[in-house]
Amino acid sequence: MQLARTLAATLISVAATTFSCAQNPAATPSGSLYPVTMQSNVRIPMRDGVTLAADIYRPDAPGSFPVILERTPYNRTGLGTWQEAHWYAARGYVVIEQDVRGRYDSDGSFYAFRSEADDGYDTDEWIGHQPWFKTGICTIGGSYVGYTQWAQAVRASRHLKCMAAAVTTADVYGGWIYIDGALHYGFDLPWGGVDMQGHVDQFADAFDWPRIYPHLPVATADEAAHHINPFYRDWLAHPTRDSYWDGVSLEKDYGRVTVPILSVDGWYDIFLHGALQDDAAVHREAATAQARTGKRLMIGPWAHSTGTRVALTNGRAGGAPPDPIDFGPDAQLDMKQVYLRWFDHWLKGADNGVERDAPYRIFVMGPNQWRDENEWPLKRTRYTNYYIGSAGHANGANGDGMLSPQPPYGAASDTFTYDPAKPVPSMGGNVCCSTVPSGPWDQRGVEQRNDVLVYTTPVLTAPTEITGPITMELYASTSARDTDWTAKLVDVQPDGYVRNIQSGIVRARYRDGAGTPANPITPDQVYRYTLDLWATSYVLQPGHRLRLEVSSSDFPRFDRNLNTGEDTATGTRMVAARQVVYHNARYPSHVVLPLIPQGSH
């Protein structure tokens with residue numbers, strides 16, 4: 001990676017360079033291709049006198065052009081960034097790649113999320129006064145680069161005309177840092193505690209993550225990776241949605257959005273839940289009709305990436321090498337062309353069908369096909385309760401747990417011991433980025449554990465489509481003063497392979513709602529917990545079985561609940577707990593599946 005950065009910096013170190021392009025001009029709706037000129041390390045002033053570094057790619061032709069802006073903490077001079085910027089500039093756009101405050105060549109200090117709204121607005125204002133600027137700005141980028149777009153959008157710059165944001169969310173508190181009361185540990189620590197502390201790359205450096213993740217207390221786990229990061233520690237000091245998050249977490253600011261937004265995400269992306277929340281809120285609350293009706297959402301079979309056909313992060317049980325899952329040719333998209341069509345419409349007025357597109361384009365896994373939808377969740381959804389039941393021994397895949405649309409039967413409950421010193425390992429799912437397995441993985445290894453309850457349907461005789469939000473209503477008690485509950489929906493295939501579909505967690509003290517004040521529980525008292533298992537679009541084929549796993553840990557995706565009821569950030573004492581999951585007439589634990597009738601499309 002460092003070699004690529006060095007090469008990119010060498011290629012564009014001149015102050016102005018002209019490139020030629022031999023591609024067929026008819027291949028793009030933007031028309032004839034331009035030669036491109038580039039200015040390196042242009043200093044853009046902010047309101048407090050700090051200057052941010054930008055590279056500016058322009059068509060080498062007279063006149064003014066609309067702007068595509070990307071504000072990144074990941075080095076504006078990366079080779080892929082350079083290639084993409086040149087590609088858009090050749091099609092009639094000024095493309096600006098900017099290092100955010102405190103990163104790489106930009107001045108100031110970096111504190112994640114805090115300065116992006118003001119700095120984005122100031123950058124827009126500076127662009128609006130340049131002689132090569134025409135008509136408007138659209139933003140582009142994913143992950144944190146997508147967040148920088150949301151920060152600009154809620155400031156409602158007069159020059160901003162549209163956004164193209166991928167694998168991201170505006171909800172920092174509930175989509176980035178915490179999930180239903182649990183710390184998003186497998187992301188927060190490597191990204192927020194290590195990588196963003198300085199100009200390092202945790203995905204390439206040889207950190208000893210199996211040693212680092214178990215460090216207690218989690219508030220100082222950054223030290224175990226040889227860093228001290230103030231904003232990581234601040235996040236852990238604010239586990240509820242208090243005023244610290246104002247102006248950083250933007251889930252209260254959708255009503256300030258004025259421009260149409262194209263959001264792109266993946267069913268296995270870490271920010272899927274937030275992307276769906278963003279979409280619904282913009283449709284409902286945005287400040288302009290154009291923003292409300294112009295919102296588009298595309299969700300593919302991807303993890304924290306877009307446009308690929310193969311889930312490269314997939315793995316098999318027992319430590320076997322990764323076994324890629326190919327979602328077929330339809331899953332592979334040229335995202336530059338997708339975004340170009342969006343920009344051409346909103347910045348150049350091209351009548352290319354963007355406004356007539358369905359508001360939702362989802363990839364249905366199984367048949368591996370794209371499908372357009374007019375609403376989310378789908379109106380034709382049949383929400384169906386699938387109840388868990390057993391003869392009292394649902395522990396592990398060899399137990400007697402059953403999953404059925406019929407009311408619960410058999411024994412009243414199942415029990416297991418949750419020991420935070422021996423947590424259930426994270427095995428795929430909506431995780432980022434490489435320190436924890438992400439995407440679809442084989443779950444057979446975790447299903448051999450006695451602290452994982454397993455409930456399975458009979459073999460399916462017809463295709464079963466699950467498309468929409470999934471929840472679980474769980475009745476449970478614990479001997480602990482606080483604990484976590486986890487649930488995972490999986491597909492048991494005829495060859496024995498067990499693929500995760502979706503999963504979720506709830507922290508007992510925050511059962512009243514993520515971000516709300518802690519509400520302690522009483523040991524051994526039965527409580528009703530609602531677990532959000534996020535959403536999917538997945539068809540189980542005949543011969544497959546549907547399965548639900550229930551446990552109390554998913555580590556290190558989420559931090560371990562130490563079961564003591566003490567502060568989870570600073571606690572170091574661990575206590576094993578006796579967990580009881582109920583499934584009877586009084587306490588009918590069940591998962592709510594969004595089933596789509598076959599042939600209803």
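Please tell me which of these pairs span more than 31 angstrom C-alpha to C-alpha: K252/K379; K161/K488; K379/K488? Table pairs above 31 Å Cα-Cα are K161/K488. Candidates P359, G175, G108 compared by Cα position along the dipole of the chain: farthest toward the positive end lies P359, with charges placed on Cβ.
Fewest neighbouring Cβ atoms within 10 Å first, the residues W82, W126, W176 line up as W126, W82, W176. Secondary structure note: in the chain, about 75% of the DSSP beta bridges are antiparallel.
Mean sequence separation of contacting Cα pairs (under 8 Å, at least six apart), scaled by the length of the chain, corresponds to a relative contact order of 13 percent. Separation of the stretch 76-153 and the stretch 246-294, taken as the distance between their Cα centroids, equals 19 angstrom.
Arranged from fewest to most other beta-carbon atoms within 10 Å of their beta carbon, T72, T139 become T72, T139.
When restricted to Cα atoms, the stretch 542-586 yields an Rg and a Dmax of 15.6, 49 Å, respectively. On full extension, the segment bounded by S600 and D334 gains 92.8 nm, given 0.36 nm per residue less the C-alpha separation.
Can you bin the stretch 124-234 into rounded, prolate or oblate? Criterion: square roots of the alpha carbon gyration tensor eigenvalues sorted a ≥ b ≥ c, rounded for a/c under 1.5, prolate for a/b above b/c, oblate for the rest. Because a/c hits 1.5 or more and a/b exceeds b/c, the stretch 124-234 counts as prolate. If only the Cβ of Lys and Arg carry +1 and only the Cβ of Asp and Glu carry -1, the dipole of the chain around its Cα centre is close to 860 debye. Distance from the C-alpha centroid of the stretch 518-557 to that of the stretch 385-402: 14 Å, rounded to the whole angstrom.
When H227, H184, H238, H583 are sorted by how many other C-beta atoms sit within 10 angstrom of their C-beta, beginning with the fewest, the order is H238, H227, H184, H583. In the calculated pair distance distribution of the stretch 251-601, what percentage of Cα-Cα distances lie above 28 Å? Considering the stretch 251-601, 45 percent of its Cα-Cα pairs are separated by more than 28 Å. Only helices enter the 222 nm calculation for the chain: every DSSP H run of n ≥ 4 contributes -39,500 (n - 2.57), and dividing by all residues gives -4500 deg cm²/dmol, rounded to 500.
Annotation: peptides 531-543, 271-283, ranked by per-residue average of other Cβ atoms within 10 Å with the highest first, follow the order 271-283, 531-543.
Shape verdict for the chain, please, from the Cα gyration tensor: rounded (a/c under 1.5), prolate (a/b greater than b/c) or oblate. Note, shape of the chain comes out prolate.
None of the figures in this text is laboratory data; all of them are computed from the coordinates on show. Not measured: the values here are computed from a predicted model. Please note: Cβ atoms are built from the backbone with ideal geometry, for glycine as well, and neighbour counts cover all protein chains shown.
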